[in-house]
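J.: To start, I am sharing the structure in question, which I have written as structure tokens.
Computed from the coordinates by the stated procedures, all read-outs in this text should not be read as laboratory data. As the structure is a prediction and not an experimental result, all values here were calculated from the model. As a convention, Cβ positions derive from the backbone with ideal geometry for all residues, glycine included, and neighbour counts pool all protein chains shown.
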Amino acid sequence: MNMKRRGFYMRAVALPTLALAAIIVAGAVAAGTVGAAAAAPTAQQVLDSMQMSGLLGGSGRAVVELVVEKGKQTKTNKVEIFRRDDGKGSSSQMVEFLAPADVKGTKFLSIVEPGAEDQMWLYLPAVGRERRIAGSSAQGQFMGTDFTFEEISLSEDSWKDYTAALLPDQKVDGRLCYVLRLTPKSSGQAYTGVVLYVWQDGALPLKIEFYGKGDKLQKVMTLQDLQKVEGGAWQPRTIKLTNVTAGSATTVKILESDTKPVSDEVFTLRYLRK
């Protein structure tokens, strides 16, 4: 699945991606809010009003905590993320694990260009070289979290292979949302359907549901602890991806962030190998 500068926020993306895609989103239509005009927006207009780019959006740096929970087991990872986004669909993201010791130094580089296949590489210190993530591997689990490599690299280009339909409005945490049902245009996508709950006042998806075969709910991503950042955009400080099928969950908490420019060198294979 291939899901301007406004600071950082988490979707799939977490998210996911990291999605974590972590991936995860800001933007507005006309005077600043989707649906401000008398006529109701179309599903595509709502979808186009959003920007979704990996765990974080915009350009800059962030340090986040990834907490993976399954049953009584919990693992906490500390991760640094560098990001660059030109606001036109092109983005680059470097994720580096800082702790614990068994994953320290692991890096993940993703590069997204409109109309092209996402480029992803994973560097493992124990192996001493990078591995290209492509094809079906992109739907694999990312570093023991509930995010896939695709979800950790979500971008505004991620939904181009889906058709959007508008469902009745619903509220999420008291906030009125447009509800979009996304259906893949062809087979080969990781999910048979995705439902986005897009906050009408902030053009931010507050909840994303991922469905598999038989229209069975597989994962739910929620964006929480919203705060206004530089430029007036809303940023979630916490993103949670619940894996309904596996009975596990991954929570992403932003510990610190800034929007200082990041050197082009960071988004290269040479830096990945350092």
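J.: Which of the chymotrypsin sites (Phe, Trp or Tyr not before Pro) found in segment 181-259 are loop residues per DSSP with 11 or fewer other Cβ atoms within 10 Å of their Cβ?
T.: none
J.: If the chain between residue 75 and residue 246 were fully stretched, how many nm would it gain, using 0.36 nm times the residue separation less the Cα-Cα distance?
T.: Using 0.36 nm per residue and subtracting the Cα-Cα distance, I get 60.0 nm.
J.: Can you list the HN-Hα couplings for segment 267-272, worked out from phi with the Karplus curve (6.51, -1.76, 1.60; θ = phi - 60°), rounded to whole Hz and with x for Gly and Pro?
T.: Computed from phi, the couplings for segment 267-272 are 9, 10, 5, 4, 5, 4 Hz.
J.: Next up: Tell me, what HN-Hα J-couplings in whole Hz come from the Karplus equation 6.51 cos²θ - 1.76 cosθ + 1.60 at θ = phi - 60° for each residue of segment 79-92, using x for Gly and Pro?
T.: 9, 10, 10, 10, 9, 9, 9, 8, x, 10, x, 9, 8, 9
J.: Enumerate lysine pairs in segment 199-274 that are 8 or more residues apart or on different chains, then count those whose Cα atoms are under 15 Å apart.
T.: Close lysine pairs under the 15 Å cut-off: 4.
J.: Counting only C-alpha contacts under 8 Å and six or more residues apart, can you give the relative contact order of segment 43-272 as a whole percent?
T.: After rounding, I find 21 percent.
J.: Starting from the Cα gyration tensor of segment 43-272, multiply each eigenvalue by 5, take the square root, and state the resulting semi-axes largest first in whole Å.
T.: They are 26, 20, 19 Å, listed largest first.
J.: Given a Förster radius of 22 Å and the C-beta distance between residue 42 and residue 264 as r, what FRET efficiency does 1/(1 + (r/R0)^6) yield to the nearest 0.05?
T.: In this case the efficiency is close to 0.05.
J.: Now for a different question. What FRET efficiency do you get for residue 119 and residue 165 if R0 is 35 Å and r is their Cβ-Cβ distance, rounded to the nearest 0.05?
T.: The value I calculate is 0.70.
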